[in-house]
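Note sheet for the following structure.
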Amino acid sequence: MKKIYLCIILSWLAITETYAQNAADVTWSDCFAEIMAEEGDEEAETWLALYDMLDDMAQHPLNINTATREELEALAFLTEKQVEELCEYLHFYGPMKSLNELKMIESLDFRRRRLLQCIVVAGKPDERMLPKLGDIMKYGKNTVTTDAKIPLYERKGDRNGYLGYKYKHWLKYDFNFNNRIRVGAVGSQDAGEPFLSKGNGSGYDYYSFYLQLKDMGRIENLTVGRYKLKMGMGLVANSSFNIGKASTVTGIGRNGNIIRVHSSRSEADYLQGAAATVRITKGLKATAFASYRPLDATLNDDGTARTIISAGYHRTTTEMEKKNNMHATDAGANISFNAKGMHVGATVMATHLDRELHPYSSQLYRKYFPAGYDFVNTAADYGYCNHRIEMNGETAIDKNGEVATINSIAVNIGDKMRLTLLQRYYSYKYAALHANSFSDGGEVRNESGLYLGGEWKPSPNLAVTAYTDYAYFAAPRYRISEASHSYDNMVSATWQSRGWKAGARYRLRLRQRDSSRDDKLIAYNTHRIRTYAAYDSDGKWGCRTQADITVAEYLQRETGWMLTESIYAKRKWMRVDLSAAYFNAESYESRVYAYEKMLPQTFGSISFFGKGIRYSLTARADIGKHIMFAAKIGVTNYFNRSTISSGYQTINASSMADIEMQARIKW
């Protein structure tokens, strides 16, 4: 009877398959916008790596019927329970005939299911044999993408200061064979950087090359060139990503080893060399990696490095002098074992710099910054998962014996509630140049804290999420000259039904900052409120109305608010997005944020302060299966200023407009 019941359900699911596939084709970025709407704000820039990953996977969807557990675990928005249920479903019922079968995964809510539909396909399960050269050449997919951004204004540096012209452009080539073989190259040029001249004689200011082989016998992953790496929970090595606190409620931030090609235009947080994961026996795997890459650094008078710069700008003579003036050599390994819901692992990583890192320690907040030529870190990660409980943790130590540890436990109370408790302690002297994990201060250093979050679904249409996080900082920080603490609290609710969706969120951050009047720390509090309502008509058209309010309290009370309206329409091969926002924020402290529809492979989160209006028009045309062309124009008009920005970025006008165009060819 169970098999008959399943067949009836699958038949019904198959009837609606076409609708689901069409919706998935156009909504991955809309799903991402929903995530940003719930928890973007100040952490918006930290979402760039996740955006790049999702965009990359949308271009090269994963076959869920042949995906390994590790590939599913790399999808950070899935909880361990959801990964476990997906694996069990595929094992018990066999390959999925349609992505609508994802509805059979009870723990997979609507938002995650829709996002998953955008980046996976239910393809035929193929035998994992070594591919033949003829098949690679015949069935491999080539993609060439080019993009250019044209400012309709002139900055001060464009007239006198920047080495290059004011246009930004990039070019990308990618070859993919069944997500098992990838070869690609990226070239990128920021506005103001020279092209084919003045230090960039090879053309673009930035290049990335990569080759990746996956599932080749015992070799699960071999990546050569530029790549991103995450080991355990990131206390030793994480150049991948870490995202918001609200997502931690749903399981993001768990243990996991990830090697991904660096196919984005970001010039930070990547390694250059080779990395490989080898399956030794069932459940036992080993990973090794090595890297040698150039860095930009600000130098002291004695030739030591004061700071490592990750912005990647080389627009002026001073910036060009810092280009590649320092090099880092990295090497490390990880071994992990996974069986019956339990996993354990160990990681070691060593870094050598060819210039001594010597921070300007006379500034209090830099006193305990990492320093020296050599850094060595080791860590043990551990965890256990079943249908009710998920436990994860990692403890690391540096060469001087300083400790960092993070531990979490999540409990699923039925299918409607999930509670997460997370503890971390990072010594203020802990030094790991490639660490990136859960934190309030943005570093795996000088922080201890306790986080409690919960997600409650009283009905299929309503979800409530809340968290509270306390952090203590034992040593001084930027603009904080002594030990301090912070509280971060958030509650949000989302409701959806038949194309309609509405939500509200309130976030209160209680922090401390130096006072300009005396030596005491004073309160620096920020209140942020967001409400929105949206409607989507089966992927054909949709609209969204959003209101944001910010109240900042530091020395004085300042407020900011913004109203945003966006609408899109899609007809066959064409989609058009239009958005407009009016903002009124008294200062930078009370700034407001907007996530704006951008062109493919381009991330867009903008902050505003002052009075003005922002509007944009984006159009995309998919001509057949092989050609895509997109264009966007965005305009910002300020009502209370005659100049925009400062320094070389100064625009002597009250408005600014940019045009961006992108073309992509697949064959």
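Here is the figure for segment 589-634: residues that are touching a Lys or Arg at 6+ places or on another chain (Cβ under 8 Å), open to solvent by 60 Å² or more (accessible area, probe 1.4 Å) and assigned to a strand (DSSP E or B) total 4.
Of the residues making up segment 527-557, those that are open to solvent by less than 40 Å² (accessible area, probe 1.4 Å), in a strand (DSSP E or B) and touching a Phe, Trp or Tyr at 6+ places or on another chain (Cβ under 9 Å) are R528, R530, A534, G542, Q546, A547, D548, T550, A552, Y554.
When you check T318 against the structure, is it exposed (fewer than 15 other Cβ atoms within 10 Å of the Cβ) and polar (S, T, N, Q), yes or no?
yes
Right, G647: surrounded by fewer than 16 Cβ atoms within 10 Å (Cβ to Cβ), on the phi > 0 side of the Ramachandran plot and modelled with pLDDT under 95 or not? Yes: the conditions hold for G647.
Determine, yes or no, whether R513 is closer than 27 Å to S459 by Cα and outside any loop (DSSP other than H, G, I, E, B).
Working: closer than 27 Å to S459 by Cα: no; outside any loop (DSSP other than H, G, I, E, B): yes.
The answer is no for R513.
With respect to the stated conditions, Y582 is more than 30 Å from D56 (Cα to Cα), in contact with a Leu (Cβ under 9 Å, 6 or more places away or on another chain), surrounded by 15 or more Cβ atoms within 10 Å (Cβ to Cβ) and of a type outside the set (G, A, S). For R226, are the conditions met, namely being modelled with pLDDT of 95 or more and either over 23 Å from Y313 (Cα atoms) or open to solvent by 20 Å² or more (accessible area, probe 1.4 Å) (or both)? Spelling it out, R226 is indeed modelled with pLDDT of 95 or more and either over 23 Å from Y313 (Cα atoms) or open to solvent by 20 Å² or more (accessible area, probe 1.4 Å) (or both). Being in contact with a Leu (Cβ under 8 Å, 6 or more places away or on another chain) and open to solvent by 70 Å² or more (accessible area, probe 1.4 Å) is the filter here; which residues of segment 467-498 pass it? Correct list: Y470, E482, Y487, W495. Cβ separations smaller than 8 Å between residues 6+ apart or across chains give the following pairs from segment 290-303 residues that are over 21 Å from M231 (Cβ atoms) to residues that are among the hydroxyl-bearing types (S, T, Y) and in a strand (DSSP E or B): A297/T307; T298/T307.
Return a yes/no flag: does segment 326-347 have any residue that is closer than 29 Å to Q649 by Cβ, open to solvent by 60 Å² or more (accessible area, probe 1.4 Å) and either of a type outside the set (A, V, I, L, M) or not in a loop (DSSP other than H, G, I, E, B) (or both). No, the conditions are met nowhere in segment 326-347. The residues listed here are Y173, Y165; of these, the one that is of a type in the set (F, W, Y) and in a strand (DSSP E or B) is Y173. When segment 176-192 is limited to residues that are free of Cβ contacts under 8 Å to residues at least 60 places away in the same chain and either among the polar types (S, T, N, Q) or not in a strand (DSSP E or B) (or both), the one that is surrounded by the most Cβ atoms within 10 Å (Cβ to Cβ) turns out to be Q189.
The values are calculated or read from the model by the stated rules, or taken from the named source; none is laboratory data. Just so you know, these numbers come straight off a predicted model, no measurement behind them. Positions of Cβ are backbone-derived with ideal geometry, glycine not excepted, and every protein chain shown enters the neighbour counts. Accessible surface is based on the protein model in full, side chains and every heavy atom, while ligands, DNA and RNA are left aside. Shrake-Rupley method; radii C 1.70, N 1.55, O 1.52, S 1.80 Å.
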